[in-house]
Structure formats: C-alpha cells, structure tokens
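Down below is the structure, laid out as structure tokens.
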Amino acid sequence: MKNLIILILLTLSVNISFSQTAKKETIVVKTSIVCDHCMQCESCGANIYNSTLTIPGVKNIDVSPEANTITVTYKTSKTDPDKIRAAIAASGYDADHVKADPSAYIKLDGCCKAK
C-alpha cells in the first residue's frame, strides 16, 4: 500500500512538472494596417485582440502598426500558426498568405480599409 501511494505521488509530480513546461512559440504575422489609430479603435484594433485571444493557448499579442506585424506567443500543445492566421483574418485583416474575411473587412471603419 505504501509503495502504491509513493507511485501515485511520483506520477502526479511528473505530470505537473511536464504540464508547466509546455513549449511556447512565437509567430510574427505580416498584415496591413493602413491607419495610425487602428489599435485604439474599438471596431478595428480590438477585433484583432478579441479574436486572437479567444484561441486556447494564445498567451500574448503585440500589434505593430509601424511594422505591419502581429506577434503572437502561444502554446504549441494548444494551437498552431494556421489557427492564429485564421483568427486574424476573421477580424478583417490579412494574415500572411490568408486573406481577410470579406464580411469582417466590411465592418472595419473606413479609415482602416486600404484605399
């Protein structure tokens, strides 16, 4: 019985340590942000954050309008770059080779659309 308890505790401690060391990756997605205030705009910049942060495993998002990039840190065990690109496209912005969803693009403010 004592050996069984030790085995269970050892198994639990190994599982906990592996779950805490989940591999994180960072992806830099090229996009096109055409106005200088999109990240403050509720109908535009917030869409990127809201759609991307809802993906399980996404830990951090940094949008750089100057560089036209979105940097996303995520857990590889929970998501992948294709899901991240799809979420960005669903918010109305191009994401590398994935084109923006037309219905989401229409909802962006006029200043946030390519001319």
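The values are calculated or read from the model by the stated rules, or taken from the named source; none is laboratory data. Just so you know, these numbers come straight off a predicted model, no measurement behind them. Here Cβ is always computed from backbone atoms with ideal geometry, including for glycine, and neighbour counts include all displayed protein chains. Note: accessible area is taken over every heavy atom of the protein model, side chains too, but ligands, DNA and RNA are not part of it. Shrake-Rupley method; radii C 1.70, N 1.55, O 1.52, S 1.80 Å.
Within the range 92-108, the residues that satisfy the criterion of being within 19 Å of Thr26 (Cβ to Cβ), open to solvent by less than 60 Å² (accessible area, probe 1.4 Å) and either in a helix (DSSP H, G or I) or of a type outside the set (A, V, I, L, M) (or both) are Tyr93, Asp96. For the range 60-77, a tally of residues being under 15 Å from Ile27 (Cβ atoms), of a type outside the set (A, V, I, L, M), surrounded by 13 or more Cβ atoms within 10 Å (Cβ to Cβ) and touching a residue at least 24 places away in the same chain (Cβ under 8 Å) returns 6.
Has the range 70-80 got any residue that is modelled with pLDDT under 95 and aliphatic (A, V, I, L, M)? Within the range 70-80, one or more residues are modelled with pLDDT under 95 and aliphatic (A, V, I, L, M). Glu25 passes every criterion in (1) part of a strand (DSSP E or B); (2) at pLDDT below 75; (3) not β-branched (Val, Ile, Thr) apart from (2). Here the range 44-59 is the region considered, the condition is being open to solvent by less than 40 Å² (accessible area, probe 1.4 Å) and within 19 Å of Cys111 (Cβ to Cβ), and the residue that is modelled with the lowest pLDDT is Cys44.
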